[in-house]
Amino acid sequence: RYGPFSPVGWFVFTGRMPRLEYWGRCILLYLLAGVGEHILGDLGSALADVAILFGVIGIILLIASGLSICARRLHDMDLSAWWVVPIELSQIFCNMPFNSVSDQAVISVIKIIIELGVLIIWMGFIPGTKGENRFGPDPRS
């Protein structure tokens, strides 16, 4: 089991992750994304090429670590990590630009439902399976 501050656990796709570690990693991920966006925003005007390069690298790292967090949390609930695919595809779809204001409003509601329902309530509050499952031993024991 990895703690929220363990650098190794950010890119591991096997094993299980309990709710407390899930919350810790999600909060750290959002904080890192915010700090990175702020720093790159300040660099953007002065060093545009460097800011773009670091931005692309940062986005790749954030996506990989986010997928790892979701996969291991799903494993704790004895679900395949392939459930991450529809969750992430819906997030990508919800961030696409749309032409009309009504389309944007509907998409915003869908995004809120997905984020609240799936990522926060389901992944953050539903306990994992007790005891060992097909993805490994219970991380709480």
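What number of residues within region 79-100 satisfy the criterion of being at pLDDT below 75 and outside any helix (DSSP H, G or I)?
Summing the residues that are at pLDDT below 75 and outside any helix (DSSP H, G or I) in region 79-100 gives 6.
Please work out which residue is most open to solvent (accessible area, probe 1.4 Å), limiting yourself to region 113-141 and to residues that are in a loop (DSSP other than H, G, I, E, B) and of a type in the set (D, E, K, R).
K130
Within region 101-141, track down each residue that is polar (S, T, N, Q) and modelled with pLDDT of 75 or more.
Listed by number, the residues that qualify are S108, T129, N133, S141.
With the checklist (1) at pLDDT below 80; (2) in a helix (DSSP H, G or I); (3) open to solvent by 90 Å² or more (accessible area, probe 1.4 Å) in hand, flag the one item Y30 doesn't pass.
Failed condition: (1).
The values are calculated or read from the model by the stated rules, or taken from the named source; none is laboratory data. Just so you know, these numbers come straight off a predicted model, no measurement behind them. We work out accessible area using only protein heavy atoms, side chains counted, and drop any ligands, DNA or RNA first. Shrake-Rupley method; radii C 1.70, N 1.55, O 1.52, S 1.80 Å.
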